[in-house]
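What follows is a set of notes on a single structure, which appears directly below.
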Amino acid sequence: MEIILKEDIQGLGYKNDIVNVKPGYGRNFLIPKGLATMATDSARKVLAENIKQAAHKAAKIKQAALDLASKIDAVTLSVSAKVSETGKIFGSVTTIQLADALEKEGITVDRRKIAFVEKEIKHIGDFSAIADLHREVKATIKFKVVAAE
């Protein structure tokens, strides 16, 4: 009996796979629990269309992330912070400050998707951070920490 899986099932297959199972397993367990449907001709056509639309949607999202990454790569940010006489910052630069600086440039990135290359930024200078925009797209944010006036 051929069925189309609606969810990942360990040892059987992944979502949207067409697999062969014993008739009792399919009729008495998988289909009633909503884990699978019968692999009829119409169900196969619907599955093919859903996969096609999902691929198109994923390509659109990836392209938007690539466009955003190119904008981020073209910009060098300036983050101001209170500084002591020795050039050390009171506190440290955070992802919130970077997200705000990007916002001023017209680029919106969630602060939770930003990670610093260095562990802590506690002095004046040039630094970089990584923005995780998509599972396949990452952008490097270049920024300069300057003394606040």
Taking a threshold of 26 Å on the Cα-Cα distance, which of the pairs 15/57; 52/142; 45/113; 60/119; 60/113 fall above it?
52/142; 45/113; 60/119
In segment 1-55, chymotrypsin sites (Phe, Trp or Tyr not before Pro) in a DSSP loop with at most 11 other beta-carbon atoms within 10 Å
14
By average Cβ neighbour count within 10 Å, what is the ranking of 115-123, 96-104 from highest down?
96-104, 115-123
Using a Förster distance of 30 angstrom, determine the FRET efficiency expected from the C-beta separation of residue 37 and residue 61, and round it to 0.05.
0.65
How much length would be gained if the chain were fully extended between residue 18 and residue 105, taking 0.36 nm per residue of separation minus their Cα-Cα distance, in nm to one decimal?
26.5 nm
Distance from the Cα centre of segment 114-149 to that of segment 56-112, in angstrom?
7 Å
Using a ≥ b ≥ c from the Cα gyration tensor of segment 75-133 (square roots of the eigenvalues), is it rounded, prolate or oblate, where a/c under 1.5 gives rounded and otherwise the larger of a/b and b/c decides, a/b for prolate?
prolate
Based on the mean of other Cβ atoms within 10 Å per residue, sort peptides 125-131, 86-92 so the most packed one is first.
125-131, 86-92
In a GNM of the chain with a 10 Å cut-off on Cα contacts, which of 33, 45, 57 has the highest mean-square fluctuation?
33
Using a Gaussian network for the chain with springs between C-alpha atoms less than 10 Å apart, which of these wobbles most: 77, 47, 35?
35
With Cα coordinates, the longest principal axis of the chain makes an angle with the long axis of helix 41-73, in degrees rounded to 10, of 10 degrees
Kirkwood Rh, angstrom, segment 15-149 [1 / mean 1/r, Cα pairs]:
18.7 Å
For helix 95-104, what angle does its Cα long axis make with the longest principal axis of the chain, in degrees from 0 to 90 and rounded to 10?
90 degrees
Mind computing the radius of gyration and Dmax over the alpha-carbon atoms of segment 2-61? Å is fine for both.
12.5, 41
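Each value in this text was obtained by applying a stated rule to the coordinates, not by laboratory testing. Owing to the predicted nature of the structure, the values given are computational and were not obtained by experimental measurement. Cβ coordinates were reconstructed from backbone atoms using ideal geometry, including for glycine residues, and neighbour counts include every protein chain displayed.
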